[in-house]
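To keep things clear, I will list the structure first and then write my remarks on it.
The values are calculated or read from the model by the stated rules, or taken from the named source; none is laboratory data. Please read these numbers as outputs of a predicted model, since none were measured by experiment. Cβ coordinates were reconstructed from backbone atoms using ideal geometry, including for glycine residues, and neighbour counts include every protein chain displayed.
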Amino acid sequence: MKRVGVFVCHCGTNISGTVDCAQVAEAAKDFPNVEYSIDYKYMCSEPGQEMIKKAIEEHKLNRIVVASCSPRMHEPTFQNCVERAGLNPYYVEMANIREHCSWVHPNEKEGATEKAIDLVRMAVAKAVRNQPLQKTTIPVTDRALVIGGGIAGIQAALDLANAGHVVDIVEREPSIGGKMAQIDKTFPTLDCSACILTPKMVDAAAHPNINLLTYSEIEKVDGFVGNFDVTIRQKARSIKMDVCTGCGICMEKCPVKVDSEFELGLAKRRAIYTPFPQAIPNKPVIDREHCTYFLRGKCGICSKLCPAGAVDYTQQDELLTRRYGAIIVATGFELFDYSVYGEYGYGKYPDVITGLQFERLINASGPTMGKLQRPSDKKEPKNIVIINCVGSRDEAKGKSYCSRTCCMYSAKHASLIRDKIKDSNVYVFYMDMRTPGKGYEEFYDRSREQYGTQYIRGRVSKIYPLNDKLIVRGEDTLLSQPVEVEADLVILATAMVAQPDADKLAQKIGIGYDKDNFYTEAHPKLAPVETHTQGVYLAGACQGPKDIPDSVAQASAAAAKACGLLSKPEILTEPIVTEVDEKTCAGCGTCLLICPYKAIDLKTLTERIAGEIVERKVATVNEGLCQGCGACTVACRSGSIYLKHYTDEQILAEVNALCL
Amino acid sequence: MKYAYYPGCSLSSTGIEYDMSTREIAKVLGIELWEIPEWNCCGASSAHLTDHLLALALPARNLAIAEEAGLDVAIPCAACYARSKATEVAVNESEEMKKTIQEVIERKYEGKSKARALLEIIGESVQGDHIKERIHILLTGLKAACYYGCLLVRPASTAFDDPEDPQSMDQLLHLFGAETVDWSYKTECCGASHETSAKPEIGISILQKIFIAAQNAGANCLVTACPLCMNNLDMRQIEVEKYFSTKYNLPVFYFTELVGLALGIEPSKLGLNKHFVDAMPLVQEVLNRKGGEQA
Amino acid sequence: MSSVELTSLKAKHDAEIQKLTEQSGVDASKCYQCGKCSAGCPVAFAMDYPPRAIIRFLQLGLLDQALRSKTIWLCAGCHTCSVRCPKEVDIATVMETLRILAKKKGYIGDKNIDLFHNAFLKSVERNGRVYEAGLVLTRNLFGRQFFRDTGHGLPMVQKGKISMLPHSIKDNGEVKKIFENVRKRGGNV
Ligand SMILES: Cc1cc2nc3c(=O)[nH]c(=O)nc-3n(C[C@H](O)[C@H](O)[C@H](O)COP(=O)(O)OP(=O)(O)OC[C@H]3O[C@@H](n4cnc5c(N)ncnc54)[C@H](O)[C@@H]3O)c2cc1C
Ligand code: SF4
Ligand code: SF4
Ligand code: SF4
Ligand code: SF4
């Protein structure tokens, strides 16, 4: 006998403001198999859950319907609740009368109440057919992979390593450090970026639990939570890492000079190089695209000069496959390419630079040893314009979002300039000042009050050269007047955008990304570091524009999540996976092609039919990989593959409850 | 190639040299221009500020006649082009608007005949090697500031070239041996609509900036694709010079005049003698150089 | 400076602004008041309000202020604002639409400009084309600026650039018909 209890939640006024909850509970009493029905202000609260438990005992309920918010929010809460009352957790069915009803029909109370009743009717029909399901366990490999060695990746790796787990950092550049290594000083405290970053880089390199795989990229990710099989390509460095002492003699004598990526074109590097003097590992790589030896077969100077004999032109890329229990993605961001702005000169004016280029120009270890001079004629600029929101908050030519860090780093740049060149004038064109972090508003105040930065509220319409100046035209919208500045140097606070290949990496790992290619978290509020793929976590700016404090906080959070996973020898898996009916499966393989998680394979069955031994192929599901998406179930022509907890029978029962 | 030709009102009066030079170079480049018989004024600069429907309907009649003949329309004047394009787009975007316009002009226009800027058409026709044989004189010594004006490459959604830094005129002139300067006033408005209407004082300061920018960029002439811009830059130049007591001495050409010159057409046939800022000395310079630089 | 009472104005103009939005196809609420339009506007220096402020009036329901501004009359229709607006607000079209509405309501922000356009269209209606010499004359006479253009007028005639006689087209009255048809549909021409 199925005995269903229905529990209708008000969610404060979130639901009851629109839906008449008492009426819904009353109506549910007439549905088949319903033995008990009640509404309450907060079902998820302690008294709410007690209420459910007591009702189970008193009314001998064996199926539970909770009409409340999205199952994404509280299904686990109610599953735990009924489990404590001695029922199988999968006997709970949720009717989402908040996101699917009250929130979307705020002005139609009657209709919404009717709809809520229908949703409950459907849930009851399904609950009656719910089967008990058992979680299974899979083993966990105690090793973590961190992709990206910026501040977020380094922090996550250190936290994991300190908790006793082995971590590999895969960084595609020759050195770890990320963008923070390029920054001069950091808001809101103005402490030197290198002084707080380099110790962490050294710690990471020296930590017994951390392996650095620099100049390496992810080739392939197979497997599933607890057991990811990852293939890593270690690009040929042309340097024997175990032999090189990092003396740097090779770099001094290499005849090739090309633009340094690290210095953003403001200085040159050699073909054999480390990106910056504090690089970790502090061992060079040969850039084969520019090296004379690789281009023309001649030169070989570095090899001749190297006292340790570490140069090896014959090195090949190596592929390495390792198994990891958890993956933290921390691949960071890139900067918006502002050359789409014709009105700002299409990137053609030498004295229009980006904020990151400015960081290099003002940096004591940068190309000018920290002397601020403009690129075109090396003169010290007197009038400097900073333009905020370049490429951010611009639907027409850039990104619609706010990049979150630039208001602050522009305030920092203004203060640094005024500090260095006392008789300079700095004008910041802004639209809104966004300073919501701790100590941030005070930092902005100081840039005005202490450093005398001029803030002009308006977006610049045009920059054009006149003699050796750049004329910057904007409107001071607070004055309602067009204004012009004759600038020597213009700094653009360009938007933070996703890595250009972020989507490709996401597809390899099997995680989601948004319209701007930032990786999507499992829930914007309640699961901000998890992804939809179990065992894969996010840290830093790869998930969205973020400053260092937020990146570090998220990295530690991701590490904590990964620790939680790695510290158990095995984990429970969700039993909502597909199952194959081997009797009817024709082995056509359609499901294999459709499955986004590569969870289905073919296996050979040996059967005795009419006395003869025959072999035939059928599909088989790897429960560790299956994420329960159900794509295969609709693709199968013979209906031989079905998703537990969402079988055709169960779904049709819901449809019938609604339509018949 | 054959096009319906819409000279527009200006080209039969203040912009006469644009018309002359257009017809001359079309002949040499093998472009057949069929002047729309009894074309009417497109209402440019006035109709769209008075009534939305009138602004769409006036150009529609011309487009309808061209469509009947199965031709796209070549339009030299940037303002006429902008208005005609707006009509073409409106008709193609909305069935309802198409119906209304047809009822108002009492003719059929399905939006098939396209409004095309003369600059784009000429630019296309000189692609390929054949043009090399046609060049009589290389325009060496010309340092042109190409002035596209505001209407030719806007709105961005229908523009045939970049709205901030267009290149088609520059490329065309390079082909004929002229240098062009990189400057930032290519599409800044010259205030022509105020010039012809009633606010010339507004225009003066706008014009001054354009002249200075061209000079600073090292140009020795301005080149336009619009009779309104021409009027403004050429006729008003002396006025602006007087107002600011300075001298710019920047002859202003239609791009068609320069193409014509390079194709070996006689300057007077191109209307080069009709300019306010005397263009002939610079033209003569180019012609004199011809001996050594004949293509 | 008196304060603006927003509540009642908003209610009063809501419907009209809604209509304006439909006619121009431009939603003023998209604008976040960055001023990029005004900074690039070649005529802003002569306007009483920057183009951005016109959009602001519409956002707040201050329709009358927008309609009575000089700005909408001075706009040269160059579309610089529209191509640069980061929110893809087509300001140039808003200006156009406002001007048409202002004229309907009899708010003439600049008599000379209005005179010019009227004369222009009259010429088109009468002749099918614009008769430039006539235009210059009419405008100057009505605007009481006798022979303001004479500095250029004479050389114009000499260079064969302005003909002294009007030219009409033989269109069987098609253009006059267009004007009539537009009027029939409520056009204010
Ligand atoms: C001009 C400027 C000034 C700033 N100033 C400040 C400041 O003063 N204070 C502050 O708090 N914040 C500041 N920021 C923000 C700060 O840079 C970021 O918050 C921080 O760098 C984010 O760290 P991250 O590790 O997430 O990303 P990144 O620093 O971008 O690091 C990501 C790393 O991942 C690597 N990577 C990328 N893709 C792959 C891949 N597929 N495989 C392997 N490795 C990969 C990259 O090479 C890089 O090393 C500033 C930003 C800019 C642009
Ligand atoms: S072999 Fe290549 S890297 Fe080495 S010194 Fe020569 S050019 Fe430089
Ligand atoms: S943080 Fe400031 S500068 Fe950056 S996009 Fe947001 S508002 Fe613009
Ligand atoms: S440019 Fe666009 S968003 Fe900015 S003020 Fe003008 S209309 Fe508004
Ligand atoms: S269209 Fe009008 S408002 Fe816009 S920039 Fe041009 S003149 Fe200014």
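Return the pairs, sorted by first residue and then second, in which the second residue is surrounded by 14 or more Cβ atoms within 10 Å (Cβ to Cβ) and not polar (S, T, N, Q), the first residue lies in segment C:99-114 and is on the phi > 0 side of the Ramachandran plot and not assigned by TED's automatic domain parsing to the domain that holds residue C:73, the beta carbons are less than 8 Å apart, and the residues are 6+ apart or on different chains.
Taking only residues 6 or more apart or on different chains, not a single pair turns up.
Out of segment A:197-223, which residues are surrounded by fewer than 22 Cβ atoms within 10 Å (Cβ to Cβ), assigned to a helix (DSSP H, G or I) and within 24 Å of the chain's Cα centre (by Cα)?
Selection gives A:200 alone.
Of the conditions (1) more than 14 Å from chain A (Cβ to nearest Cβ); (2) surrounded by fewer than 16 Cβ atoms within 10 Å (Cβ to Cβ), residue C:9 satisfies every one except a single condition; which number is it?
So residue C:9 meets the others, but not (2).
Sort out for me the helices (runs of 4 or more DSSP H) sitting completely within segment B:53-125 that have 1 or more residues that are touching a residue at least 60 places away in the same chain (Cβ under 8 Å) and surrounded by fewer than 24 Cβ atoms within 10 Å (Cβ to Cβ).
Answer list for segment B:53-125: B:78-93, B:118-125.
For segment B:34-92, what are the residues that are out of contact with any Ser or Thr (no Cβ under 9 Å at 6 or more places or on another chain), at the interface with chain C (Cβ under 9 Å from one of its Cβ atoms) and hydroxyl-bearing (Ser, Thr, Tyr)?
B:50, the sole residue that qualifies.
For residue A:412, indicate whether it is among the basic types (Lys, Arg) and surrounded by fewer than 22 Cβ atoms within 10 Å (Cβ to Cβ).
No: the conditions fail for residue A:412.
Would you confirm whether any residue within segment B:173-193 is touching a residue at least 24 places away in the same chain (Cβ under 8 Å), more than 14 Å from chain A (Cβ to nearest Cβ) and either in a strand (DSSP E or B) or within 16 Å of ligand 1 (Cβ to nearest atom) (or both)?
The initial filter retains those residues of segment B:173-193 that are touching a residue at least 24 places away in the same chain (Cβ under 8 Å), namely B:173, B:175-193.
Then keep just the ones that are more than 14 Å from chain A (Cβ to nearest Cβ); that gives B:173, B:175-180, B:190-193.
This time we only want the ones that are either in a strand (DSSP E or B) or within 16 Å of ligand 1 (Cβ to nearest atom) (or both), so: B:179-180.
Scanning segment B:173-193, I find at least one residue that is touching a residue at least 24 places away in the same chain (Cβ under 8 Å), more than 14 Å from chain A (Cβ to nearest Cβ) and either in a strand (DSSP E or B) or within 16 Å of ligand 1 (Cβ to nearest atom) (or both), so the answer is yes.
Results for (1) farther than 29 Å from residue A:191 by Cβ; (2) at pLDDT below 95, shown as yes or no for each residue.
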| position | (1), (2) |
| --- | --- |
| A:510 | yes, yes |
| A:514 | yes, no |
| A:520 | yes, no |
| A:527 | yes, yes |
| A:533 | yes, yes |
| A:544 | no, no |
| A:552 | no, no |
| A:567 | yes, no |
| A:587 | yes, yes |
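Quick check on my filter: what residues within segment A:79-88 are touching a residue at least 24 places away in the same chain (Cβ under 8 Å) and part of a helix (DSSP H, G or I)? Spell out how you get there, then give the answer.
Kept after step one, since they are touching a residue at least 24 places away in the same chain (Cβ under 8 Å), are these residues of segment A:79-88: A:81-82, A:84-88.
The answer is A:81, A:82, A:84.
Pull up segment A:428-443, narrow it to residues that are of a type outside the set (Val, Ile, Thr), surrounded by 15 or more Cβ atoms within 10 Å (Cβ to Cβ) and under 22 Å from residue A:485 (Cα atoms), then point me to the one that is farthest from ligand 1 (Cβ to nearest atom).
Only one residue tops the list, namely A:431.
Please pick out the residue among B:230, B:235 that is within 29 Å of residue B:153 (Cα to Cα) and touching a Gly at 6+ places or on another chain (Cβ under 8 Å).
Exactly one of B:230, B:235 is within 29 Å of residue B:153 (Cα to Cα) and touching a Gly at 6+ places or on another chain (Cβ under 8 Å), namely B:230.
Tell me the residue from C:34, C:81, C:75 that is within 12 Å of ligand 4 (Cβ to nearest atom), surrounded by 16 or more Cβ atoms within 10 Å (Cβ to Cβ) and within 18 Å of the chain's Cα centre (by Cα), please.
Result: C:81 is the single residue among C:34, C:81, C:75 that is within 12 Å of ligand 4 (Cβ to nearest atom), surrounded by 16 or more Cβ atoms within 10 Å (Cβ to Cβ) and within 18 Å of the chain's Cα centre (by Cα).
Test of understanding: among B:129, B:165, which residue is of a type outside the set (A, V, I, L, M), more than 14 Å from the chain's Cα centre (by Cα) and within 12 Å of chain A (Cβ to nearest Cβ)?
B:165
Just to be sure before I move on: is residue C:91 more than 8 Å from chain B (Cβ to nearest Cβ) and within 11 Å of ligand 5 (Cβ to nearest atom) in the structure I sent?
On the way: more than 8 Å from chain B (Cβ to nearest Cβ): yes; within 11 Å of ligand 5 (Cβ to nearest atom): yes.
The answer is yes for residue C:91.
Restricting to segment A:510-550, and then to whatever is aliphatic (A, V, I, L, M) and assigned to a loop (DSSP other than H, G, I, E, B), can you tell me which residue is surrounded by the fewest Cβ atoms within 10 Å (Cβ to Cβ)?
Applying the filter and picking the extreme gives A:526.
Take the residues of segment C:82-118 that are more than 22 Å from residue C:19 (Cβ to Cβ) and not hydrophobic (A, V, I, L, M, F, W, C): which is farthest from ligand 1 (Cβ to nearest atom)?
So, considering only residues that are more than 22 Å from residue C:19 (Cβ to Cβ) and not hydrophobic (A, V, I, L, M, F, W, C), the one farthest from ligand 1 (Cβ to nearest atom) is C:118.
Considering each of A:273, A:293 in turn, give the residue that is in contact with a Gly (Cβ under 6 Å, 6 or more places away or on another chain), away from chain B (no Cβ under 14 Å) and within 12 Å of ligand 2 (Cβ to nearest atom).
After applying the criteria, what remains is A:293.
What tally of residues in segment A:446-477 results from selecting those that are over 30 Å from residue B:164 (Cβ atoms) and away from ligand 3 (no atom under 16 Å from the Cβ)?
Qualifying residue count for the region: 5.
Within segment A:71-78, is there a residue that is in a loop (DSSP other than H, G, I, E, B) and assigned by TED's automatic domain parsing to the domain that holds residue A:122? Walk me through how you get there before you give the answer.
Narrowing segment A:71-78 to residues in a loop (DSSP other than H, G, I, E, B): none.
No; the residues of segment A:71-78 include none that is in a loop (DSSP other than H, G, I, E, B) and assigned by TED's automatic domain parsing to the domain that holds residue A:122.
Assuming residue B:156 fulfils every condition listed in (1) within 11 Å of another protein chain (Cβ to nearest Cβ); (2) surrounded by 22 or more Cβ atoms within 10 Å (Cβ to Cβ); (3) of a type in the set (A, V, I, L, M, F, W, C); (4) in a loop (DSSP other than H, G, I, E, B) apart from one, which condition is it?
(2)
Criterion first (out of contact with any helix residue (DSSP H, G or I) (no Cβ under 6 Å at 6 or more places or on another chain), part of a helix (DSSP H, G or I), at pLDDT 85 or above and surrounded by 21 or more Cβ atoms within 10 Å (Cβ to Cβ)) does residue B:212 satisfy it? It would help to see each step written out before you state the result.
Values: out of contact with any helix residue (DSSP H, G or I) (no Cβ under 6 Å at 6 or more places or on another chain): yes; part of a helix (DSSP H, G or I): yes; at pLDDT 85 or above: yes; surrounded by 21 or more Cβ atoms within 10 Å (Cβ to Cβ): no.
For residue B:212, the condition - out of contact with any helix residue (DSSP H, G or I) (no Cβ under 6 Å at 6 or more places or on another chain), part of a helix (DSSP H, G or I), at pLDDT 85 or above and surrounded by 21 or more Cβ atoms within 10 Å (Cβ to Cβ) - is not met.
With respect to the numbered conditions (1) at pLDDT 85 or above; (2) surrounded by fewer than 23 Cβ atoms within 10 Å (Cβ to Cβ); (3) facing chain B (nearest Cβ under 9 Å), which one is the sole condition not fulfilled by residue C:104?
Exception for residue C:104: condition (3).
Could you list all residues from segment C:17-56 that are free of Cβ contacts under 8 Å to residues at least 60 places away in the same chain and of a type in the set (D, E, K, R)?
Correct list: C:19, C:22, C:30, C:36, C:48, C:52, C:56.
Residues that are hydrophobic (A, V, I, L, M, F, W, C) and more than 11 Å from every other protein chain (Cβ to nearest Cβ): list the strands (runs of 3 or more DSSP E) wholly contained in segment A:444-507 that include at least 2 such residues.
A:481-487, A:489-494, A:496-498
Can you name the condition, by its number, that residue A:395 falls short on among (1) acidic (Asp, Glu); (2) within 14 Å of chain B (Cβ to nearest Cβ); (3) in a helix (DSSP H, G or I)?
Status for residue A:395: all satisfied but (3).
Scan segment A:477-509 residue by residue and report those that are charged (D, E, K, R) and surrounded by fewer than 20 Cβ atoms within 10 Å (Cβ to Cβ).
Correct list: A:484, A:486, A:501, A:503, A:504, A:508.
Say we look at segment A:242-257 and pick out the residues that are free of Cβ contacts under 8 Å to residues at least 60 places away in the same chain and farther than 14 Å from residue A:276 by Cα; which of these is surrounded by the most Cβ atoms within 10 Å (Cβ to Cβ)?
A:254
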